[in-house]
Amino acid sequence: MAQRRWLVTGGLGFIGSAFVRLVLRERDDVAVTVLDALTYAGNPANVAEVAGDPRYRFVQGDIADAVRVDEAVGDGVDAIVNFAAETHVDRSILDPEAFIRTDVLGTHVLLEAVRRHGIARYLQVSTDEVYGHVESGVSTEADPVCPRSPYAASKAGGDLQVLAYHTTYETPVLITRGSNTYGPYQYPEKLIPLFVTNLLEGEQVPVYGDGLQVRDWLHVDDHARGIAHVLEHGTPGHVYNLGGGNSRTNIELTRELIRLTGRSFDESVRYVTDRPGHDRRYALDATKARSLGWFPRVDFANGLADTVAWYRAREDWWRPIKSGAFRDYYRRQYALR
Ligand code: DAU
């Protein structure tokens, strides 16, 4: 019998759905309501394995719509975990407005719902991109936000509202800031799923600029576990960095993906025009989350090999995505590069 009720917004996206699967698998006393707008990256197939669980409920709707949010809260929830967001940097460069609506206004609407309904906990899923790029060293939670893309700026706007609600109204909020996340069910616009599926299709992969940008990789199951851990053990008003500790240049990572898919480097890599304002490096200090008892469990080499194997086995999942509206996006994004 479920004693805790959690509202998971954006629960049909990549990290949100991993969280929903994890919670229903590992916590018998939790019931989950997913509120998801089913925009391009939300996909019911991501939760197919748990959708029949009586503790699972789905409401379609946008977090910026207060009426829908109230419907999803229903007769009460103990916590809201907000995964709903526009998340792709390249899309934010083409169309920033959608990011402001969901990441800034949507966050505000959820915070108001927390106040109105007296919800005991609100967790905002955020990103290391709010710190801006770090040429050397690591970002700690005490560092100021310094976002450099429209995406990062809208996420920072959301985070600042969350923290201001804590200061002003004592709203019981938490923020997690994750590093680059990879694993099954990731929409194939991001580096790893785009490159893996292109390679499996025998296509080239578009490497931006010199490919020497650095990202720190975290497996989606570790990310989801970290969010659940902070929700249950974190101190309200605090921010927790969730870093994978697996820093790689994009070209090193590309080389590894090419090896895992059995393709040749020279035939597969196409260097293309760099992303405008491209952040050179992100690196997180995750000491604070580790002192709370969370640590990543998935070894990067194994996680990457399993991820490639998953995309190899699950063409039924990604082929329909890549043949639909994605094609127009890909042309728009890459044709002129
Ligand atoms: O760091 C956390 C962030 O990681 C999340 O907040 C974002 O939602 C997520 O999109 C991701 O941002 P990035 O911009 O780092 O991820 P992306 O997969 O788009 O790109 C990773 C790196 O690969 C980046 O340096 C750009 C480069 N890249 C990406 C694409 C899609 C390429 O060289 N070619 C590509 O086609």
Rounded to the nearest 10 Å², the 1.4 Å probe accessible area of VAL298 is 40
Taking 0.36 nm per residue of separation between ALA48 and ALA142 and subtracting their Cα-Cα distance, the length gained on full extension comes to 29.9 nm
Projected onto their principal axes, the Cα atoms of the stretch 42-155 stretch, largest extent first, over whole-Å spans of 48, 32, 27
Ranked by GNM mean-square fluctuation in the chain (Cα springs under 10 Å), the top entry among ASN82, ASN302, ASN180 is ASN302
Using alpha carbon centers only, the stretch 205-243 is separated from the stretch 1-35 by a whole-angstrom value of 19
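If I stretch the segment between PHE295 and VAL67 completely, what's the gain in nm (0.36 nm per residue apart, minus their alpha carbon distance), one decimal?
Values: separation 228, 0.36 × 228 = 82.08 nm, distance 3.77 nm.
Taking 0.36 nm per residue and subtracting the Cα distance, the gain is 78.3 nm.
Please report the orientation-averaged projected area of the chain, defined via the convex hull of its C-alpha atoms, in nm². Walk me through the numbers on the way to the answer.
On the way: hull surface 62.8 nm².
Average of the hull's projected areas for the chain equals 15.7 nm².
Using a 1.4 Å probe on the protein chains only, how many percent of the accessible area of the stretch 89-147 belongs to carbon and sulfur?
Details: 1390 of 2530 Å².
Using a 1.4 Å probe with all protein chains present, the stretch 89-147 comes out at 55 percent carbon and sulfur.
Counting only protein heavy atoms and a 1.4 Å probe, tell me what percentage of the stretch 222-337's accessible area is made up of carbon and sulfur. Walk me through the intermediate numbers first.
Values: 2800 of 5730 Å².
Solvent-exposed carbon and sulfur of the stretch 222-337 make up 49 percent of the total.
Any idea of the accessible area per residue across the stretch 160-207, 1.4 Å probe, to the nearest Å²?
On the way: 1450 Å² over 48 residues.
Using a 1.4 Å probe on heavy atoms only, each residue of the stretch 160-207 averages 30 Å².
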Nearest 10, in degrees from 0 to 90: the angle of helix 220-233 to the longest Cα principal axis of the chain is 20
Under a 1.4 Å probe, counting only protein heavy atoms, PHE195 has an accessible area in Å², nearest 10, of 10
In a Gaussian network model of the chain with springs linking alpha carbons closer than 10 Å, the residue among TYR185, TYR165, TYR131 that fluctuates most is TYR165
If one builds a Gaussian network model of the chain from Cα atoms under 10 Å apart, the most fluctuating residue listed among PRO320, PRO188, PRO44 is PRO320
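Per residue, how much accessible area does the stretch 1-102 have with a 1.4 Å probe, in Å²? Each step should come with its number before you reach the end.
Numbers: 4210 Å² over 102 residues.
It amounts to 41 Å² per residue over the stretch 1-102.
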Over the chain, the sum of -39500 (n - 2.57) across DSSP H runs of at least four, divided by residue number and rounded to 500 deg cm²/dmol, gives at 222 nm -12000 deg cm²/dmol
Filtered hits (aspartates and glutamates, Cα-Cα < 16 Å from LYS322, offset >= 8 within chain) -> GLU189, GLU201, GLU203
Once the in-chain neighbours fewer than 8 apart are removed, the aspartates and glutamates whose Cα is under 20 Å from LYS288 read ASP128, GLU129, GLU141, ASP143, ASP159, ASP216, ASP221, ASP222, GLU232
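The values are calculated or read from the model by the stated rules, or taken from the named source; none is laboratory data. These numbers were taken from a predicted model, which means no experiment stands behind them. We work out accessible area using only protein heavy atoms, side chains counted, and drop any ligands, DNA or RNA first. Shrake-Rupley method; radii C 1.70, N 1.55, O 1.52, S 1.80 Å.
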